[in-house]
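Bear in mind these aren't lab numbers, they're just calculated from the coordinates by the rules spelled out. Keep in mind that what you see is a predicted model, and the values were worked out from it rather than measured. Here the Cβ is made from the backbone with ideal geometry for all residues, glycine too, and neighbour counts use every protein chain on show.
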Amino acid sequence: MKIFLAGGAGYIGTHTAVELLNNGYEVVIVDDYANSCPEAVARVEELTGKKVALYEADVQDEQAMERIMRAEKPDTVIHFAGLKAVGESVQQPLRYYRNNINTTLSLLEAMEAVGVDKFIFSSSATVYGAQNPSPYKEDMPKGLCTNPYGWTKSMMEQILADAVVAYPRLGVVLLRYFNPIGAHESGRIGEDPQGIPNNLMPYVSQVAIGQRQELTIFGNDYDTPDGTCLRDYIHVVDLAEGHLKAVEFSENHQGIDVFNLGTGKPYSVLDIVNTFQEVNQVPVKYTIGPRRAGDLPICYADASKAKAVLGWEAKKTLADMCRDSWNWQKHNPKGYRK
Ligand code: UD1
């Protein structure tokens, strides 16, 4: 079977490509390298000893998607492509709506034209919004998002739900990610943010290696055990295995199904900092700052549906996540740039 990874040169795409290739799937990666690079794909090939069919193209370009799908005849499309910086989405909402929604439309149109009918979508826990209490369950009504990035995910889920009604052959799996961190244990692939990281773990790693002076913890006056926010951090290799299970599930699947990909275990910002320091024996200087606008105090998954239906559950511990993030950072202080 052949799997088409739109945006497959990125953080989650490369880890998923490794799992797919190691399990006998053929992989096509299409990426415009807006937030990734060909070196990441070269390392996927190095880790697996297998070749990837690699295309440089903008996923918004419907004709290019159609051409590549006609040439490669994939069985399933996984859609990782998209802009994902929450703060930037507030500054540039139109760019976010245009880019993210166009990528989904162009993939669906190309699939319809070529006759590809399995689609797996990278969604986010952000679609539950502030109204629902954690742990989030898939059958909860979606909530109000706090930023345009979140709304694009919510809207793309709606587009996919409407598409399965009109195209009965179509099978869609929505994967709602919680907070992916960590890296492949080889240290050859990992998260490579451009500029100042928005997310916690890349920031912690860059402080530990001396590229940033100190971490600011955004608020310690939340109603949580240590006052800092709680999140469901999930190792990116566990997340990649979740995609493998979703691919197997989607083979005989029609309609639309949604799964949380999280561990179900909340950890605080201080848990991350303390575990990182402990397992890696490296100091992480931090200070307490004000709350960040839009942050929810608590966000974690009820992960039971993925276990029951996909036969998947996250196995790696917080210590594994912190160790592998540091291993990647240490061996690639400038990411993929040599
Ligand atoms: C956010 C988005 C989520 C998106 C994800 C990946 C929301 C509500 N959440 O998740 O949809 O998929 O980014 O881009 O829109 N923190 C600090 N200091 C820092 C950085 C983070 O204290 O320098 C804290 C945050 O306050 C938060 C936790 O660390 O409590 C995790 O933050 P982050 O990694 O940015 O992820 P989320 O905000 O949970």
### Query
Any idea what log10 I(q)/I(0) is at q = 0.09, 0.10, 0.15 Å⁻¹ for segment 1-131, Debye with uniform C-alpha scatterers and no solvent?
-0.25, -0.31, -0.69
### Task
Let me know the charge dipole size of the chain about its Cα centre in debye, to the nearest 20, where only the beta-carbon of Lys, Arg (+1) and Asp, Glu (-1) is charged.
520 debye
## Note on the structure
Share of Cα-Cα pairs in segment 124-207 beyond 21 Å, whole percent, is 49 percent
### Task
For Val27, list long-range residues whose amide hydrogen, built 1.01 Å from N in the peptide plane, is under 5 Å from its own amide hydrogen.
Ile3, Ala53
#### Entry: Greater than 18 Å apart at Cα, pairs in Lys73/Lys153; Lys265/Lys307; Lys245/Lys315; Lys137/Lys305; Lys265/Lys305; Lys153/Lys305
Lys73/Lys153; Lys153/Lys305
### Summary
For segment 144-254, the convex hull over Cα atoms projects on average to an area in nm² of 10.3 nm²
### Query
What is the Å³ per residue value for the convex hull set by the Cα atoms of segment 201-338?
142 Å³
### Summary
For segment 293-334, the Debye formula with one identical point scatterer on each Cα and no solvent gives log10 I(q)/I(0) at q = 0.15, 0.28, 0.29 Å⁻¹ as -0.67, -0.89, -0.91
## Note on the structure
Restricting to Cα pairs under 8 Å and 6 or more apart, the percent relative contact order of segment 149-238 works out to 29 percent
### Query
What list of ³J(HN,Hα) values in whole Hz, one per residue of segment 135-151 in order, does the Karplus curve 6.51 cos²θ - 1.76 cosθ + 1.60 (θ = phi - 60°) give from phi, with Gly and Pro shown as x?
x, 6, 10, 4, 8, 5, x, 5, x, 8, 7, 9, 7, x, 3, x, 5
#### Entry: Rg to Rh quotient for the chain, alpha carbon positions, Kirkwood Rh
0.94
#### Entry: All Cα pairs of segment 10-79, percent lying beyond 14 Å
57 percent
### Summary
Per residue convex hull volume, Cα only, segment 161-209, in Å³ is 149 Å³
### Task
Compute the Kirkwood hydrodynamic radius of segment 243-315, taking the inverse of the mean of 1/r over all pairs of distinct Cα atoms, and give it in Å to one decimal.
15.5 Å
### Query
Top mean-square fluctuation among Ala53, Ala303, Ala161, Gaussian network model of the chain, C-alpha springs under 10 Å?
Ala53
### Task
Calculate the length of the line joining the C-alpha centroid of segment 117-138 to that of segment 147-162, in whole Å.
10 Å
#### Entry: Tail beyond 12 Å, pair distance distribution of segment 6-51 (Cα, percent)
52 percent
